[in-house]
Amino acid sequence: MKTNSWRILLILVSCVWLSQPLSAVAAPATFASATVKLHDLELLDQDGKSRRFQSDVIGDRLVAITFTYTTCTTICPILDSIFVTLQKKLGARMGKDFHLITMSIDPVNDIPKRLKAYSLKLGARPGWTFLTGSKVNMDKVLVGLDMYSPDIYNHPPSIIVGDGKTGAWQRFYGFPSADKILSSLTELQKARHH
């Protein structure tokens with residue numbers, strides 16, 4: 001019963017968030033430097049292609065990572081809409097200078113076919129990768145990113161921005177604006193040249 005009360009509260013809070021303009025929802029986000037452990041485990045992308053997380057997906061790229069599941073109706077659509085906006089702002093730099101990654105926190109249900117349909121629904125372009133895989137591998141990767149939650153319905157809203165080349169990582173808590181994420185990515189890119 002206690003879990004249902006929390007779910008109802010989360011739904012009510014989400015309804016309030018969804019009734020606000022995205023800029024108002026995104027405003028209270030905070031960020032801090034983050035320590036992550038990148039596990040180089042085999043995952044699957046939205047096309048069903050096997051990809052190792054650290055070597056194939058992250059590599060030496062500048063990335064922004066969000067965490068979602070395709071049947072979520074509360075915080076995930078907000079995070080996804082931030083990435084849709086970020087994709088537009090990246091323009092031609094998308095997939096070249098910067099890469100977006102959406103990781104499923106429900107790998108049992110979010111099989112590649114479902115992620116592909118979800119990516120199409122969001123209008124994802126090349127440079128935006130959706131990941132799933134075995135529950136064991138996904139859980140270990142999520143633990144390394146400090147994003148594992150045993151209850152997917154209670155996962156925190158968070159976006160990680162990082163540089164696979166330098167190992168610099170930042171975590172945004174809440175709902176940062178696409179501009180804040182882009183600014184963080186740009187700062188990481190500039191830091192490579194100093």
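Laboratory data are not the source of any read-out in this text; all were calculated from the coordinates shown. Bear in mind the structure is a predicted one, so any value in this text is a computation, not a measurement. FYI the Cβ positions are ideal-geometry reconstructions off the backbone, even for glycines, and counts take in every protein chain you see.
Can you list the trypsin sites (Lys or Arg not before Pro) in region 40-85 that are in a DSSP coil and have 15 or fewer other beta carbons within 10 angstrom?
Details: sites: K49, R51, R52, R61; in loops: K49, R61.
Sites meeting the loop and neighbour criteria: K49.
Stick to Cα atoms and the Kirkwood definition of Rh, then tell me Rg/Rh for region 36-194. Don't jump to the answer; show the numbers that get you there.
On the way: Rg = 14.2 Å, Rh = 15.4 Å.
Rounded to two decimals, Rg over Rh is 0.92.
With the crude spin-label approximation of a point 7 Å out along Cα→Cβ, what separation in nm comes out for T166 versus K37?
2.5 nm
Testing the spin-label approximation: label points 7 Å from Cα along Cα→Cβ at Q189 and K113. State their distance in nm.
Distance between the two pseudo-spin positions: 3.8 nm.
Using label points projected 7 Å from each Cα along Cα→Cβ, tell me how many nm separate V136 and L120, to one decimal.
It works out to 3.3 nm between the two label points.
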